[in-house]
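Read the structure below first, then the notes.
The values are calculated or read from the model by the stated rules, or taken from the named source; none is laboratory data. All figures in this text were calculated on a predicted structure; none of them were measured in a lab. We place every Cβ from the backbone using ideal geometry, glycine too, and count neighbours over all the protein chains shown. To get the accessible areas, we keep the full protein, side chains included, count just its heavy atoms, and leave off ligands, DNA and RNA. Shrake-Rupley method; radii C 1.70, N 1.55, O 1.52, S 1.80 Å.
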Amino acid sequence: QVQLVESGGGLVQAGGSLRLSCAASGRTSDAMGWFRQEPGKGRELVATISWTTGTTNYLESLKGRFTISRDNAKNTVYLQMNSLKPEDTAVYYCATGTRPGMYNIWGRGTRVTVST
C-alpha cells in the first residue's frame, strides 16, 4: 500500500504563503490530488497533477493563487499557496488512487490556518 505523508502546514497571516509537500512511498496511479476540508464541511478537490505529463487541474476559484507541482525523482507533490485568505483555513490532504480517476489512498493531512 502506498503511503502519503503531508507536511508544510501551519499558521500564516492573510496575504502570506505556504508550500505544502506530499511525499509518496510509491505510485499506484498517474494522478495525485490535493484536497481540503474546512471545519464542518465536506472535502473538496483543490488541484490535481499527472506524474507523467505534469498536466494540472484546479478548483476554478483557486486558479492564480495555488500551484500544484511534482518532483518525480523524489516522488513528491507540492502545493504552493499564495495570497492566502482566512477562508483557505482547512486541513489539506493529498491523495491518489488504486485505479484511474479514483482517490482512495489518503495522507493524514496537514492543517493550514490563515489569520486575519
- line: With the charge dipole of the range 1-108 built from beta-carbon charges (+1 for Lys and Arg, -1 for Asp and Glu) about the Cα centre, the Cα from 54, 40, 9 projecting farthest to the positive end belongs to 54
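So, with +1 on the Cβ of K and R and -1 on the Cβ of D and E, and no other charges, what is the size of the charge dipole of the range 40-116 about its Cα centre, to the nearest 20 debye?
Value, rounded to 20: 160 debye.
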- request: Hey, can you grab everything whose amide H is under 5 Å from the amide H of residue 109? Only 5+ residues off in sequence or another chain; H modelled, so Pro and N-termini drop out.
  value: 6, 94
task: Could you work out the equivalent-ellipsoid semi-axes for the range 8-61, taking the square root of 5 times each eigenvalue of the Cα gyration tensor, largest first, in whole Å?
output: 23, 14, 13
- prompt: What net charge is computed for the residues neighbouring residue 72, neighbours being all others with C-beta under 13 Å from the C-beta of residue 72, Lys and Arg scored +1, Asp and Glu -1?
  reply: +1
query: Residues with beta-carbon under 13 Å from that of residue 6, excluding residue 6: net charge, scoring Lys, Arg +1 and Asp, Glu -1?
result: +4
- prompt: Tell me, in nm to one decimal, what length is gained between residue 27 and residue 99 on full extension, where the rule is 0.36 nm per residue of separation less the Cα-Cα distance?
  reply: 24.8 nm
task: Taking a cut-off of 26 Å between Cα atoms, list the lysines near residue 74, but don't count ones fewer than 8 places away on the same chain.
output: 63
- prompt: At what distance in nm do the modelled label points of residue 37 and residue 106 sit from each other, each positioned 7 Å from its Cα along Cα→Cβ?
  reply: 0.4 nm
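Can you tally the net charge around residue 51? Count Lys and Arg as +1, Asp and Glu as -1, for every other residue whose Cβ sits under 11 Å from the Cβ of residue 51.
0
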statement: Per DSSP loop assignment and a cutoff of at most 14 other beta carbons within 10 Å, the chain keeps its longest run without exposed trypsin sites (Lys or Arg not before Pro) at 42-107
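In Å², and per residue, what accessible area does the chain have when probed at 1.4 Å with the other protein chains present?
Values: 6010 Å² over 116 residues.
Accessible area per residue, the chain: 52 Å².
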query: For labels at residue 55 and residue 113 in the simple 7 Å Cα→Cβ model, what's the distance in nm?
result: 4.0 nm
query: Over its Cα atoms, what ratio of radius of gyration to 2.2 N^0.38 Å does the chain give?
result: 0.99
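For the range 19-103, which whole-number percentage of the solvent-accessible area (1.4 Å probe, protein heavy atoms only) is attributable to carbon and sulfur atoms?
Values: 1990 of 4120 Å².
On the range 19-103, the fraction of accessible area on carbon and sulfur atoms equals 48 percent.
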query: Once amide H atoms are placed 1.01 Å from N in the peptide plane, what residues at a sequence separation of 5 or more from residue 29, or on another chain, have their amide H within under 5 Å of its amide H?
result: 97
task: Read phi for every residue in the range 110-116 and hand back ³J(HN,Hα) as whole Hz from Karplus 6.51 cos²θ - 1.76 cosθ + 1.60, θ = phi - 60°, with x for Gly and Pro.
output: 9, 8, 10, 10, 10, 9, 7
